[in-house]
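See structure below.
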Amino acid sequence: MSETTTPQAWVGRQHRSCDLLDLNRARAMEAALGRRPRLHPGDPLPPCWHWLYFWEMAAMGDLGPDGHQAHGEFLPPTGLARRMWAGGRIRFDRPLDLGVEAVRTSTIQAVQEKQGRSGRLVFVTLHHVIEDREGPAISEEQDLVFREAGAAAHEPPPAPREAAWRREIQPGPVQLFRYSALTYNGHRIHYDRRYATEVEGYPDLVVHGPLLATLLLDGLMDEGGQGAPAHFSYRAVSPLFAEQTAQLCGRSRSDGASDLWVTGPDGQLCMQGQTSF
C-alpha cells in the first residue's frame, strides 16, 4: 500500500448528503419498536432517529461481500474484512422537526492503526454535522472499528447490578430486518443468519449497536419522564444476538447525568452509555 493510499491519508475527506426527514419513515420506526403511531408533521424527531436518514445508497456492484459499501470510496481502504460500529458521542443542540429538509456533512476526523490481542485493528472516527435551514442541530462523532477475519472474541465484563429502572427486550429477526431496512444497512450479520454464523463466526444474527443505543434513550425518556438529552455517549462492549433476552438499565447520578447500559442474558455488559440534560 503506497503512502497516498494509507488509511491516514483519508483524514479530512468529506461527504455531504441531503434528506427529507420524512414522517412515514419515522412512523415505520415506531412500528418497528412496537409503538402505536403518535408522531405528526412538525413534531421533533426523537433522539437518535436521525440514523434513519441520510442513507448510503451504493450501487450493488460497489458493495463488499459483507453487504457494506466497499472501502476506498469515502471510508479508507483498511484491508480488513470485518467492520463494527463501536460507539459514539452526540450533542443535540436543538430538535429537528419532521417534514423538514436537512443536510449531513461527514468528515473523516481520525484514523488510528493498532495491534490488539486479536490482531490488527483500524479505528476510524467520523464527525457528522446535521443542519436544517435554521443552522446546525446535531453534532456527532461516530467510532468504527475494522478488524481481521476470524479474530477471537474476548470475555465480556459483567454489567452493573444496581439500576433505578429496567426494561426487558428480546429483539428478534423481524425487528432486526426492519431496522436494517429503515437505516438502509446492508450489513449481512443483521439479517443473513447463514452469513453471520458460517462466514463471520457469530452464533446468530447480531443486534445492531445503534438499535440498542436508540432503545436505551427510549427507555430513559419513558422511565425518567425526562425530555431529550443534550449529550449522549455510548460504547458497544459485547454483542447481543437475535432472540436473546436482555435488559435496558439506567440510573441517575448526583450531577444530573444518567448512566445507561444493556445487560445481556448471562449478566454480561453489552453496551454502556451516559447522558446529560
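The values are calculated or read from the model by the stated rules, or taken from the named source; none is laboratory data. In this text, all values refer to a predicted model and were calculated from it rather than measured experimentally. Glycine also receives a Cβ, built like all others from the backbone with ideal geometry; neighbour counts cover every protein chain displayed. Ligands, DNA and RNA are excluded from the accessible area calculation, which covers all protein heavy atoms including side chains. Shrake-Rupley method; radii C 1.70, N 1.55, O 1.52, S 1.80 Å.
So, taking all protein chains as they sit and a 1.4 Å probe, how much accessible area belongs to Leu33, in Å² rounded to tens?
Around 40 Å² of this residue is reachable by solvent.
Ordered by residue, what ³J(HN,Hα) values in Hz, to whole numbers, does segment 111-118 give under the Karplus form 6.51 cos²θ - 1.76 cosθ + 1.60, where θ = phi - 60° and Gly and Pro are x?
Using θ = phi - 60°, the values come out as 9, 10, 9, 9, 10, x, 5, 9 Hz.
For Cα Rg over 2.2 N^0.38 Å, which listed value, [x] 0.99; [y] 1.15; [z] 1.21, comes from the coordinates shown?
Here Cα Rg over 2.2 N^0.38 Å agrees with entry [x].
Check Asp97: other-chain or 5+ apart residues with amide H under 5 Å from its amide H, H built from backbone geometry?
Leu45
Compute the accessible area per residue over segment 77-168, keeping the other protein chains in place, probe 1.4 Å, unit Å².
For segment 77-168, the per-residue accessible area is 53 Å².
Quick check: at a probe of 1.4 Å, how many percent of the accessible area of the chain sits on carbon and sulfur atoms?
Using a 1.4 Å probe with all protein chains present, the chain comes out at 49 percent carbon and sulfur.
Please work out the C-alpha center-to-center distance from segment 32-52 to segment 102-167 and express it in whole Å.
If we compute the Cα centre of each part, the gap is 23 Å.
Picking from Pro173, Leu215, Ala228, whose Cα lies most toward the positive end of the charge dipole for segment 134-263 (charges on Cβ: Lys, Arg +1; Asp, Glu -1)?
With unit charges placed on the Cβ atoms, the residue in question is Pro173.
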